[in-house]
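Taking it in order: structure first as structure tokens, then the write-up.
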Amino acid sequence: MDWNFMKTKKIFFSIALMLGVVASLHFPNSAQDAELMLLIERVSKQMDLHPEYNSWKALVVSTTTKMDKYWRPQKVTFVKKIVKVVNKKETEEILEALETEKGKTKDITEKYTKEARKEREKDKKKERDRKLKGEKEKDKRSLELTGEDIFPFSEEKRINYNFLILEDSYIEKRPVYVLESRVKIKNEKLYEGKYYICKDSFDVIKVDLKPSKNPKYVKEFEMEMSFEVLPQGYFVLRKSRVRINGGIFIKRIRMTVEEDYSDYEILTLEKDENESNNFSF
């Protein structure tokens with residue numbers, strides 16, 4: 001790490017803060033805007049400092065709860081699995097699957113694994129057919145997210161948003177800045193909400209988001225995500241919770257999906273190739 005560069009950044013940050021205080025004596029709104037932009041810029045730079053990675057493996061515990069129209073639990077599916085992503089392609093090894101309904105719990109590991117395998121093969125066939133026909137990948141307009149969708153702090157992303165600094169708070173006893181984002185032009189592909197930013201490191205440690213415009217047939221979609229920085233400096237997802245309410249007529253889906261990630265392993269290219277030959281689904 002270039003310590004002189006880090007020192008220069010700290011000096012610049014201190015000077016900018018002092019200038020903000022002085023300006024606030026005569027221009028309160030300008031000072032607020034300067035403080036806001038300084039925070040956004042600092043978060044963006046902090047995210048750039050984390051090493052990039054395309055391949056990883058983790059233990060994931062997923063709990064899906066289907067609800068009735070009064071949001072009372074009807075059926076709970078618990079799945080423990082190893083998720084592996086190699087160059088953005090995901091595979092899963094199901095370790096255990098349990099289903100609880102009307103007070104009774106049964107083991108559905110074998111059934112769940114077979115159904116998951118069928119779905120994966122179906123997706124592969126669709127992809128092969130699409131390529132044979134020379135068709136472009138369709139815009140799914142789904143609720144799947146990438147890092148670019150979640151974090152609007154880069155210079156090219158932030159122009160689509162208005163930001164506001166809210167009252168400071170705490171996340172697991174860690175003091176955080178609370179930053180709110182609002183999309184300038186509503187779009188189902190753009191998300192907005194609250195970001196909880198660690199005061200010590202300027203890392204985003206939690207987000208509460210929803211689409212700025214709900215996709216067709218989706219009444220509610222709310223998401224909470226918690227993040228962590230691994231000892232090696234990698235920025236990873238630690239927990240997520242999604243609430244979904246959508247569909248038409250009798251085919252309405254009301255559910256929550258909670259996932260916990262642990263035992264992370266960031267994979268190198270050589271390791272990716274070796275493990276991909278041995279990994280089962």
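Structure data summary
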{"read-out": "The one condition in (1) part of a strand (DSSP E or B); (2) modelled with pLDDT under 95 that Glu228 fails to fulfil", "value": "(2)"}
{"read-out": "One residue from Glu265, Glu275, Glu259 being modelled with pLDDT under 95 and closer than 18 Å to Trp56 by Cβ", "value": "Glu275"}
{"read-out": "Search result, residues across the range 111-169 that are of a type outside the set (Val, Ile, Thr), exposed (fewer than 13 other Cβ atoms within 10 Å of the Cβ), modelled with pLDDT under 90 and under 30 Å from Lys194 (Cα atoms)", "value": "Asp139, Lys140, Arg141, Ser142, Glu144, Gly147, Glu148"}
{"read-out": "Matching residues, the range 50-92, being surrounded by fewer than 18 Cβ atoms within 10 Å (Cβ to Cβ), in contact (Cβ under 8 Å) with a residue 40 or more places away in the chain, within 23 Å of Lys114 (Cβ to Cβ) and of a type in the set (D, E, K, R)", "value": "Lys66"}
{"read-out": "Selection within the range 211-222 - without any contact (Cβ under 8 Å) to a residue 40 or more places away in the chain and either surrounded by 14 or more Cβ atoms within 10 Å (Cβ to Cβ) or not in a loop (DSSP other than H, G, I, E, B) (or both)", "value": "Ser212, Lys213, Asn214, Lys219, Glu220, Glu222"}
{"read-out": "Any pair with Cβ under 8 angstrom, 6 or more apart, that starts in the range 165-188 at a residue that is more than 14 Å from Pro152 (Cα to Cα) and in contact (Cβ under 8 Å) with a residue 60 or more places away in the chain and ends at one that is surrounded by 13 or more Cβ atoms within 10 Å (Cβ to Cβ) and of a type in the set (S, T, N, Q)", "value": "Ile165/Gln32"}
{"read-out": "Hey, Lys206 among the basic types (Lys, Arg) and surrounded by fewer than 18 Cβ atoms within 10 Å (Cβ to Cβ) or not", "value": "no"}
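Per-residue answers, yes or no, for (1) under 18 Å from Trp56 (Cα atoms); (2) under 19 Å from the mean Cα position of the chain (by Cα):
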residue	(1), (2)
Cys198	no, yes
Lys216	no, no
Lys219	no, no
Glu228	yes, yes
Gly233	yes, yes
Gly246	no, no
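The values are calculated or read from the model by the stated rules, or taken from the named source; none is laboratory data. Just so you know, these numbers come straight off a predicted model, no measurement behind them. With ideal geometry, Cβ positions are generated from the backbone for all residues, glycine too; neighbour counts draw on all protein chains shown.
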